[in-house]
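For reference, the structure discussed in these notes is given below.
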Amino acid sequence: MGEKMTKLHEAKAAGCPDEAALAAFLGGKLKETGTRPIEEHVAGCPICLENVRAGYLGERLYNEKDLPESNTEIIRKAKGIAKMDSRKKRIQTGLWLTATIAAFALSFTAPKYFAQFLVAALILGFKWVSESESIRTLIVAMDAKRRHEQEKEITNRISPRS
Amino acid sequence: MDSSDLVKPSAGELIQGCIKKDKRAWEIFVERYSKVIYWAIRDRLKRFGYNFEDEDINDIHQDVFIALWAGNKLAQLKDSEKVAGWLVMIAGNAAIDYFRRTKRQSPPNSISIYEEIYKNGDGEARTLEEVLPSKAAGPDREAQLGEAREVLKSAIGSLKPKERIAVKLNLLHGMKHGEIADALKLPVNTVSTTIARAKKYLKEKLEGNRLL
């Protein structure tokens with residue numbers, strides 16, 4: 001997976017602006033000083049010029065919802081990338097949890113180092129909480145709920161019921 | 001988190017969700033942008049004249065999404081409103097790299113790209129031969145076209161960068177004046193004047209070399 005990721009960067013020749021800079025150029029979001037070197041480059045680079053054409057056309061087709069269907073199998077596979085990644089994460093968070101419990105247990109079995117093991121358990125526990133998918137999801141969900149409630153309140157204020 | 005929490009999230013919210021490795025956001029992101037990525041891969045392979053099968057498109061599609069999720073490439077995006085155009089460029093470059101890596105095929109080089117791209121073009125684009133037909137026929141035609149290409153290359157090279165982009169997008173990529181103006185954020189009149197002036201200049205150069 002890692003190899004594929006790095007290789008994707010090789011498609012562009014050395015010295016080509018990255019896709020984010022070209023997209024900003026297309027959107028007219030670059031300052032005058034940033035535009036000139038990109039203009040110079042695009043004018044002489046067939047691949048970047050092709051990227052400008054395709055980027056413009058693709059954006060338009062996307063906004064007009066005028067694109068041919070993709071296929072369900074490749075969509076399923078692409079969605080699966082996140083699941084593959086989360087399996088590794090689960091193992092990692094499991095390790096943090098085990099280490100937390102071990103440090104906590106040791107703080108009682110070795111009273112001489114009680115404070116040290118307790119601090120270690122706290123640090124490892126914090127790491128476990130911050131890496132845990134379900135806890136993070138819960139935080140995002142609560143944040144989304146809070147945002148929806150705020151939006152509802154603003155809507156009610158703008159158009160109060162008679 | 002339930003998917004109803006993310007009903008029609010904005011592109012910015014989705015991207016932020018994916019960067020934070022939210023799986024629901026990722027699923028919606030894949031559903032939303034798979035089509036444009038699929039289109040971009042096919043478009044690039046067709047225009048660059050690669051021989052490809054559906055299997056190649058599927059592999060490139062997966063490579064792109066791996067780079068976006070595992071490579072955290074989405075964090076590089078500066079303007080989330082232009083995400084579709086950005087993804088098209090990422091997918092196009094990934095397609096070139098895939099053919100270079102798996103089939104040892106390079107993209108067309110800078111000089112022959114005109115002929116290489118447009119011999120399998122989409123019908124709207126034209127070759128240099130079509131843009132500036134030679135009067136000569138038979139064996140002389142090839143020699144004259146070669147000379148015309150050289151003259152054009154040097155004449156186009158002497159234009160200002162923005163003019164060069166506009167002229168190439170129009171003459172070689174078949175884009176209309178309005179589309180170029182929209183893409184380069186220029187007034188249509190400016191683009192039309194620039195292209196007309198550049199065409200006149202190129203014609204004079206070719207006439208000066210007795211190629212027209």
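Which residue, of A:88, A:79, A:65, A:83, is of a type in the set (Lys, Arg), under 30 Å from residue B:37 (Cβ atoms) and surrounded by 17 or more Cβ atoms within 10 Å (Cβ to Cβ)?
Values: A:88 fails: surrounded by 17 or more Cβ atoms within 10 Å (Cβ to Cβ); A:65 fails: surrounded by 17 or more Cβ atoms within 10 Å (Cβ to Cβ); A:83 fails: surrounded by 17 or more Cβ atoms within 10 Å (Cβ to Cβ).
None of the others qualify; the one that does is A:79.
If the condition is being modelled with pLDDT of 85 or more and more than 9 Å from every other protein chain (Cβ to nearest Cβ), then the stretch A:77-94 contributes only A:80.
How many of the residues in the stretch A:57-73 are assigned to a loop (DSSP other than H, G, I, E, B) and more than 24 Å from residue B:80 (Cβ to Cβ)?
The qualifying residues number 3.
Among the criteria (1) modelled with pLDDT of 85 or more; (2) closer than 20 Å to residue B:73 by Cβ; (3) part of a helix (DSSP H, G or I), the one residue A:17 does not fulfil is (3).
Identification of helices (runs of 4 or more DSSP H) wholly contained in the stretch B:1-89 with 3 or more residues that are more than 9 Å from every other protein chain (Cβ to nearest Cβ) and under 22 Å from the mean Cα position of the chain (by Cα) yields B:23-47, B:54-69. Name the residue that is nearest to residue B:81 (Cα to Cα), counting only residues in the stretch A:19-49 that are at the interface with another protein chain (Cβ under 7 Å from one of its Cβ atoms) and not hydrophobic (A, V, I, L, M, F, W, C). The selected residue is A:27.
The values are calculated or read from the model by the stated rules, or taken from the named source; none is laboratory data. Source: prediction; values computed, not measured. Cβ: placed from backbone, ideal geometry, glycine included. Neighbour counts: every protein chain shown.
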